[in-house]
Each structure stands twice: as C-alpha cells, then as structure tokens.
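Taking it in order: structure first as structure tokens, then the write-up.
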Amino acid sequence: MELDLPRLFEVLDRHKVAYILIGGLAAVYHGSPFTTEDADITPGTARGNLSKLASALRELNARIRTESEPGSLPFAFDADSLKAVGTWNLTTAAGDLDISFEPDGTRGYSDLRRDATAAQLYGVTVRVASLADVVRSKQAANRPKDQRVLPTLREILASRPRRQ
C-alpha cells in the first residue's frame, strides 16, 4: 500500500500520540534525496501515550508486517503489548509504519526529543528527529541500506552551520 502521510499524521495527531519521526522520512525532511516506502516513529513510552498509540493503530487497521505472511497478521494492540516488543513492523490503512522504541544508537524518545524539530507537515505538527540523530542511528544500525545513504547525509550535516 502506498504511504498516505497526511492520513497517518492526522490520525496520530488526533489521538494526541507523542512521537518523533525518524529514519528515512526524517532524513528527507532534512534534505536527503533518498526516498523511502515507509514511516518510522519512536513514540513516548508512558502508558497513557501507548494507549493513545494503540487507539490510533486500531483506527488505521494496523497489522503485523512479515515476509512469511504476505497478507500480514492481525494483532490486538494495547499499551502493554506495544511496550512488550522493542520494534514493530506494521502495515496500516495509511501505508507501512515501523515503530522503534529505542532506535539503534539512541536511548529512545526522550533522547531524540531533545534535538527534534517541530515541523508543520500536512497541516499538523510533527516532531522530526535531528539530522545528527538520524546519522547517529543509521551509523549504529550499519545496515547495507544505511551505509549507502550515510555519505550523503553526513555531507548535508557538514554543510549546515554549527549551533552555538
């Protein structure tokens, strides 16, 4: 299914989910020329926030995405089940969504939130991980797809003025 970012962000916003946009979409926001087929987020881990996330996932008809089952697997999301697993690869009515509570090279939501940017995307405010944090995470993950984009992301980061 094609990624429908306006719908995804609107549902997360309406449910008041606290999250940081990470991964390829965060890199694109910061100027990366590399496209991505999914959205990656790191949600806050407070129980109330996870309950809001679970409600949003139900509205989006989220299912577990797995290579072994092309049609994806149903799952009854709630705060406890979400927190029990570190990473979720989901397919939703708004496209593929990956949830990572502690992306490689980070300490999770509070770590990423510190330098995140509040951006207006499709009419809602979305917190986007800083490019430095995206680079840090992709370096730590060290997957072939990350190794391909890291030189460009480092170049973009190096061309920016340093914060004082």
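Rule-based calculations on the coordinates, nothing more; no lab input. These numbers were taken from a predicted model, which means no experiment stands behind them. Positions of Cβ are backbone-derived with ideal geometry, glycine not excepted, and every protein chain shown enters the neighbour counts.
Some values worked out for this structure:
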| quantity | calculated |
| --- | --- |
| Diffusion coefficient, µm² s⁻¹, Stokes-Einstein with Kirkwood Rh over alpha-carbon pairs of segment 1-132 at 37 °C and 0.692 mPa s | 222 |
| Computed label-point distance, nm, for sites residue 59 and residue 5 using a 7 Å Cα→Cβ extension | 2.0 |
| Peptides 27-39, 98-110, 50-62, 142-154 ordered by average Cβ neighbours within 10 Å, highest first | 50-62, 98-110, 27-39, 142-154 |
| Distance in nm between pseudo-label sites at residue 47 and residue 34 (7 Å out along the Cβ direction from Cα) | 3.9 |
| Label-to-label distance, nm, for residues given as residue 118 and residue 66 (7 Å Cα→Cβ offset) | 4.0 |
| Counted charge near residue 54, where neighbours are those whose Cβ lies closer than 15 Å (Asp, Glu -1; Lys, Arg +1) | +4 |
| Computed lengthening from residue 85 to residue 158, 0.36 nm per intervening residue step minus Cα-Cα distance | 22.8 nm |
| Close Lys-Lys pairs in the chain, where close means Cα under 25 Å and separation is 8 or more or interchain | 4 |
